[in-house]
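These notes are about the structure you will find just below.
The values are calculated or read from the model by the stated rules, or taken from the named source; none is laboratory data. Small disclaimer: the values here were computed from a predicted structure and weren't measured. Using ideal geometry, Cβ is built from the backbone for each residue, glycine included, and neighbour counts are taken over all protein chains shown. Ligands, DNA and RNA are excluded from the accessible area calculation, which covers all protein heavy atoms including side chains. Shrake-Rupley method; radii C 1.70, N 1.55, O 1.52, S 1.80 Å.
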Amino acid sequence: MNQQNATKEIIAYSFKYLAREKDIDKISITDIMDQTDFRRQTFYDHFDDKYDLITWIFSYETSKLIQSLTVWEKWQEGLLYLLNYLEENSNYYKKVFSNMKFDSFKDYFAYYIRQIVQKVVNDYFRIHVISNNNPAIIVTTTDFYAYGLSEMLYRWVLGGCELNSEKYYKLLIQVIGYRIQP
């Protein structure tokens, strides 16, 4: 791990620690940096603001495994990993998702999920040699699953992960595999 990521991880840990006890909008940059023993400017050397930090935390903590599981054959493993991650961090993400000042994180979350789904869909269509003459089907399929999944995950977290990640995973797999027959 390089020094820059090590510093970012310390700042992120401090923020997530403070978020356990305080509302996110009540946490100041000074609060975060007082926990780290770094000077306040160090925060701005790495992040623009709290939104940038929140985005980095999600991306950094999920990208290692999810990026390696964006092929068709392993998409279910990636989904289960994401569900487990969100459940383990549900109190934190519930605060992030419910904070109106950070509403743009929901857009980032949907964008991030779309990037993953797009890789899986592209791999699926490549393997099955579907839509050679109709690229709109790839875009439509990607959007359908990405925006549906991101909204479902968003609502699941806000609902306190009422079904645990394993049960929710099984339900999602069943729904994704369900096809309406004419």
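Among residues belonging to region 1-30 that are small (G, A, S) and loosely packed, with under 14 Cβ neighbours inside 10 Å, point out the one that is modelled with the highest pLDDT.
S28
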Could you pull out the residue among Y60, Y85, Y112 that is assigned to a helix (DSSP H, G or I) and closer than 17 Å to E162 by Cα? Y85
Whichever residue in region 96-105 is open to solvent by less than 60 Å² (accessible area, probe 1.4 Å) and in a helix (DSSP H, G or I) and, among such residues, is modelled with the lowest pLDDT: F102
Would you check which residues across region 1-22 are part of a helix (DSSP H, G or I), more than 13 Å from Y60 (Cβ to Cβ) and in contact with a helix residue (DSSP H, G or I) (Cβ under 9 Å, 6 or more places away or on another chain) and list them? S14, Y17, L18, A19
Return the residues of region 31-47 that are open to solvent by 30 Å² or more (accessible area, probe 1.4 Å) and over 22 Å from N89 (Cβ atoms); say none if nothing qualifies. D34, D37, F38, R39, R40, Q41, Y44, D45
It is to be established whether one or more residues within region 26-35 are hydroxyl-bearing (S, T, Y), closer than 30 Å to A146 by Cα and either in a loop (DSSP other than H, G, I, E, B) or touching a Cys at 6+ places or on another chain (Cβ under 9 Å) (or both). no
Quick one: in region 134-174, of everything that is farther than 22 Å from Y111 by Cβ and open to solvent by 90 Å² or more (accessible area, probe 1.4 Å), which residue is farthest from the chain's Cα centre (by Cα)? Q174
How many of the residues making up region 57-88 are surrounded by 18 or more Cβ atoms within 10 Å (Cβ to Cβ), under 12 Å from the mean Cα position of the chain (by Cα) and without any contact (Cβ under 8 Å) to a residue 60 or more places away in the chain? 6
